[in-house]
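The values are calculated or read from the model by the stated rules, or taken from the named source; none is laboratory data. Here the structure is a predicted model, which means the values were calculated and not measured. Cβ: placed from backbone, ideal geometry, glycine included. Neighbour counts: every protein chain shown.
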Amino acid sequence: MISFRSYRYRYPSGRGIEVGDLDLGPGVTLVLGPSASGKSTFLKSVMGLVPHFYGGEVSGSVDVLGLDPIALGPRRMSRRVGLLFQDFEFQLLMDRVLEDVMLGPLNHGASWSEAEALAEEALERLGIGHLAGRLTWTLSGGEAQLAALAGILATGPDVVLLDEPLSQLDPWNRGRILDLIPEMGDFVLVSEHRHFSELRPDRILVAREGRILPGARPREEPLPSRAGGTAGETVLEAEDVHFSYGDRAVLEGASLELREGEILFITGPNGSGKSTLLKVLVGLLEPSSGTVRILGRDPRSMDPLERARLVGFVFQGAPRMFIEDTVGGELSFTSSSLGLRVNVEDWLRRARIRADPGASPRDLSVGEQIRLAIASAVAHNPRILVLDEPSRGQDWGVKAELVRFLDELAGSGMGILVATHDLDFARAAGDRILVLEGGVLREA
């Protein structure tokens, strides 16, 4: 049994959650609620990460299979409880996938051979045994999410906590993980914005403004679609682009054209090379052959500041991009680097970030962190905006606002290129959708 009694936690920033008297039996518990409503904090409370890792104040009690996570903390709780973070990239610590998945069992006292067997079993269970020898930094977002999940399952936890476990998965991988979720542990708690209708949980909790209560499954609604506009001149183009990581070919003749005022989406299977393509297009990676043009020019001929003035780029895993210690500093960082001033309060409002400019960006929810990264990327009004999985961690309402926000930016003449697995978001916001598969792009 997992039990909460008059539980209350507050981060140093003042935000937090409240849980009255709540008992969770075995099976799957689905935790729903909008961004920043407290879902991730609730899962971290079961693990003991709050207050041990994040600081703050706590009162009341939590009992997890007879253990007190407030007293024991996450290191000792990890023998019974495993947590897949929303920002799972930070869970990959070793160079190679197999060694990373072995880390949990080794830390729990397994021998090298025992840990290797457990890791191989977990990788095969998730259908990613072929990734065992890969370098973790070469994984796509979906591959990295599955590798991090394998690291959790290899320890054999009784309680499995999954924070947005489907956020980076293509439809094929998503279906397999949905089927596996009930078998992952005796107690499985899942926080999810998307595809919750495909889960069949034993119970549902709803987070509303920091309060965690029993609830019911809401009705899923389609996202409002943008009207679209008239595309102008070409701002970004690629022709017959090839790129490889060593002997592993990723792009094998990819071509596209993006026009001003257009929103173009790129989708494709996990590991197909979407993030790599974006980096080649903005000049962060050099193609082995083929041509890329930004406003008719080779990005390699531009200095970094010139490229930054023309192109705003938001990577996957937005928290890893943060440089400044405050929300206001982060939002204005790129503009300040270009000698421009930005109205921080106005951009916080437009990005729907409910935080003081002096707060730490790491205290925001993952959804808010992504919106902060987008606002920082466009505050200086670049000609092109490139986004890698911007709807990750976003609830329906915030995604609807993101559709509106992107429509507004496209209406001002900005060309927008987006890589995503979220086809509902792509259909609502995009003028066109391209599929990257086998190293080439085709119309969806």
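Here are the numbers for the structure shown:
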{"read-out": "Which listed residue, of 368, 324, is among the charged types (D, E, K, R) and under 25 Å from residue 140 (Cα atoms)", "value": "368"}
{"read-out": "Meets criteria (buried (at least 18 other Cβ atoms within 10 Å of the Cβ), in contact (Cβ under 8 Å) with a residue 12 or more places away in the chain, part of a strand (DSSP E or B) and more than 20 Å from the chain's Cα centre (by Cα)) for residue 162", "value": "no"}
{"read-out": "Criterion violated by residue 441 - all others in (1) assigned to a strand (DSSP E or B); (2) out of contact with any Ser or Thr (no Cβ under 7 Å at 6 or more places or on another chain) satisfied", "value": "(2)"}
{"read-out": "Selection from the stretch 28-64 of residues that are surrounded by fewer than 22 Cβ atoms within 10 Å (Cβ to Cβ) and in contact with an Asp or Glu (Cβ under 6 Å, 6 or more places away or on another chain)", "value": "28, 34"}
{"read-out": "Test set (1) out of contact with any Phe, Trp or Tyr (no Cβ under 9 Å at 6 or more places or on another chain); (2) closer than 30 Å to residue 296 by Cβ; (3) assigned to a loop (DSSP other than H, G, I, E, B) - residue 390 fails condition number", "value": "(1)"}
{"read-out": "Matching option when the condition is buried (at least 19 other Cβ atoms within 10 Å of the Cβ), within 29 Å of residue 191 (Cβ to Cβ), hydroxyl-bearing (Ser, Thr, Tyr) and not assigned by TED's automatic domain parsing to the domain that holds residue 86, among 332, 360, 376", "value": "376"}
{"read-out": "Among the residues listed as 45, 13, 61, 111, the single one being on the phi < 0 side of the Ramachandran plot, among the polar types (S, T, N, Q) and modelled with pLDDT under 95", "value": "13"}
{"read-out": "Within the stretch 1-102, helices (runs of 4 or more DSSP H) holding 2 or more residues that are under 17 Å from residue 191 (Cβ atoms)", "value": "39-47, 49-52"}
{"read-out": "Which numbered condition residue 286 misses (of (1) exposed (fewer than 14 other Cβ atoms within 10 Å of the Cβ); (2) in a strand (DSSP E or B))", "value": "(2)"}
{"read-out": "Residue that is modelled with the lowest pLDDT [pool: residues in the stretch 241-256 that are part of a strand (DSSP E or B) and of a type in the set (D, E, K, R)]", "value": "248"}
{"read-out": "Residue among 132, 122 that is touching a helix residue (DSSP H, G or I) at 6+ places or on another chain (Cβ under 8 Å), among the hydrophobic types (A, V, I, L, M, F, W, C), in the same structural domain as residue 84 (by TED's automatic domain parsing) and surrounded by fewer than 23 Cβ atoms within 10 Å (Cβ to Cβ)", "value": "132"}
{"read-out": "Of all residues in the stretch 257-283 being part of a helix (DSSP H, G or I) and among the hydrophobic types (A, V, I, L, M, F, W, C), the one that is surrounded by the fewest Cβ atoms within 10 Å (Cβ to Cβ)", "value": "278"}
{"read-out": "Qualifying positions in the stretch 386-444 - surrounded by fewer than 24 Cβ atoms within 10 Å (Cβ to Cβ) and among the polar types (S, T, N, Q)", "value": "412, 420"}
{"read-out": "From the options 127, 109, residue that is of a type outside the set (Phe, Trp, Tyr), part of a loop (DSSP other than H, G, I, E, B), more than 30 Å from residue 13 (Cα to Cα) and out of contact with any helix residue (DSSP H, G or I) (no Cβ under 8 Å at 6 or more places or on another chain)", "value": "109"}
{"read-out": "Top-ranked residue in the stretch 168-202 [being outside any helix (DSSP H, G or I) and among the charged types (D, E, K, R); ranked as surrounded by the fewest Cβ atoms within 10 Å (Cβ to Cβ)]", "value": "200"}
{"read-out": "Which listed residue is within 25 Å of residue 394 (Cβ to Cβ) and at pLDDT 90 or above, from 295, 281", "value": "281"}
{"read-out": "Residue that is acidic (Asp, Glu), in contact (Cβ under 8 Å) with a residue 40 or more places away in the chain, surrounded by fewer than 16 Cβ atoms within 10 Å (Cβ to Cβ) and not assigned by TED's automatic domain parsing to the domain that holds residue 363, where the choices are 239, 220", "value": "220"}
